[in-house]
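Reading through the structure tokens given below for one structure.
The values are calculated or read from the model by the stated rules, or taken from the named source; none is laboratory data. The structure presented is a predicted model; accordingly, all values stated were derived computationally and were not measured. No Cβ is skipped: glycine too gets one built from the backbone with ideal geometry, and neighbour counts run over all protein chains shown.
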Amino acid sequence: MRVLLASDRSESSDAAAEYLHQLQFSEPIELNVLSSVPVTASVGFSGLPAVVQSVMQEEEVALRKHLDAVCSRFENRTASTVSNLVVGPPGYEIRSEADKWNADLIVMGAVGKSMMERVVLGSVSDFVATHTASSVLVVRPPKPEAAEQPPRRIMVALDGSKDDTQLIDLLRAIQWPADAELHLVHVIEDLTLYRQDLIEHMDQHWQQERDTSQQHADEILKLAEGTIDNIQTAILVDGHTGEALVKYADRHQCDLIIAGDHHRNILNRILLGSVSRYVLRYAHCSVAIARRKEADEAAATT
């Protein structure tokens, strides 16, 4: 597996590096550590190009030292480790490097840092998660008592489609702790949003949907067997799928949510939104958005 780690000297990116370091992959990964020096307008530096150049050079020196330090942490933990320092907007550069390097997974912090300002989720992290064909792991720092430990409570958000199998593919790429627990969760739309007369006619259909959802969850459970011993399934009924998933993760103190992104093209993701993007923005734990790159690439051509 090829893993691209975006790192910018912020506390959040350090937490992402530590999170990645704690994950035990089934096979040694190829690691690419990327830092970006943003291009900043001279107006931000009193209008003096010389000052801009000096600040960027200082930032470049600091980032190179940072890259060396991050790479040294993964010594003897990877099949190979490389680092790259580029100049440009972080989101675009992360996506570009992921595409060129054919990354399977991008790991980044939920909150980043540029030379002059902090970048919150909804900009860099949201841009990368929306525009890349790779799977993306956005790390939120764990609670102090869980620091320097791998995630132990993992929730997989099922949507009931055949694409749910790709969530298990990502799950299988990692060796989880013996005491880990896995929650397979599917949300059915709450029928109380409709008129009572429609509910009465749809009651049988709703029960069939619930049965179908449970059957699907059981099938995914079989695929997940061997990854984690303690596996639970949950079928929820709620008017807002994303909110229900976030609340479930909070109740069960999940460390990681794995969700899919099955929209057919970039335009749909931006205009329609998705459950995965809601979870990414509002979950209090780390979130992985799993994709099969070949599926995204094929969809982009249609």
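Given the criterion modelled with pLDDT under 80 and assigned by TED's automatic domain parsing to the domain that holds ALA157, identify the matching residue among ASP218, ASP296. Don't jump to the end; show me each part of the working.
Values: ASP218 fails: modelled with pLDDT under 80.
Residue meeting the stated conditions: ASP296.
Residues to consider are ILE228, ILE174; find the one that is over 23 Å from SER134 (Cα atoms), surrounded by 12 or more Cβ atoms within 10 Å (Cβ to Cβ) and at pLDDT 95 or above. Reasoning before the result, please.
Values: ILE174 fails: over 23 Å from SER134 (Cα atoms).
Just one listed residue meets the conditions, ILE228.
Considering (1) loosely packed, with under 15 Cβ neighbours inside 10 Å; (2) at pLDDT 95 or above, say which one LEU256 fails and leave the rest.
Only one criterion in (1) loosely packed, with under 15 Cβ neighbours inside 10 Å; (2) at pLDDT 95 or above is unmet by LEU256, namely (1).
What's the total number of residues in region 38-77 that are among the aliphatic types (A, V, I, L, M), modelled with pLDDT of 85 or more and surrounded by 13 or more Cβ atoms within 10 Å (Cβ to Cβ)?
The qualifying residues number 5.
Hey, can you tell me all the residues within region 145-188 that are more than 13 Å from LEU221 (Cβ to Cβ) and touching a Gly at 6+ places or on another chain (Cβ under 7 Å)?
Within region 145-188, ASP159, ASP163, GLN166 meet the criteria.
For region 107-166, name all the residues that are within 17 Å of GLN253 (Cβ to Cβ) and either at pLDDT below 90 or β-branched (Val, Ile, Thr) (or both).
Of the residues in region 107-166, the ones within 17 Å of GLN253 (Cβ to Cβ) are 139-147, 149-157.
If the condition is that a residue be within 17 Å of GLN253 (Cβ to Cβ) and either at pLDDT below 90 or β-branched (Val, Ile, Thr) (or both), then VAL139, PRO141, PRO142, LYS143, PRO144, GLU145, ALA146, ALA147, GLN149, ILE154, VAL156 are the ones that fit.
How about region 143-183: which of its residues are closer than 15 Å to ALA288 by Cβ and in a strand (DSSP E or B)?
Answer for region 143-183, where residues must be closer than 15 Å to ALA288 by Cβ and in a strand (DSSP E or B): ARG153, ILE154, MET155, VAL156, ALA157, LEU158, ILE174, LEU182, HIS183.
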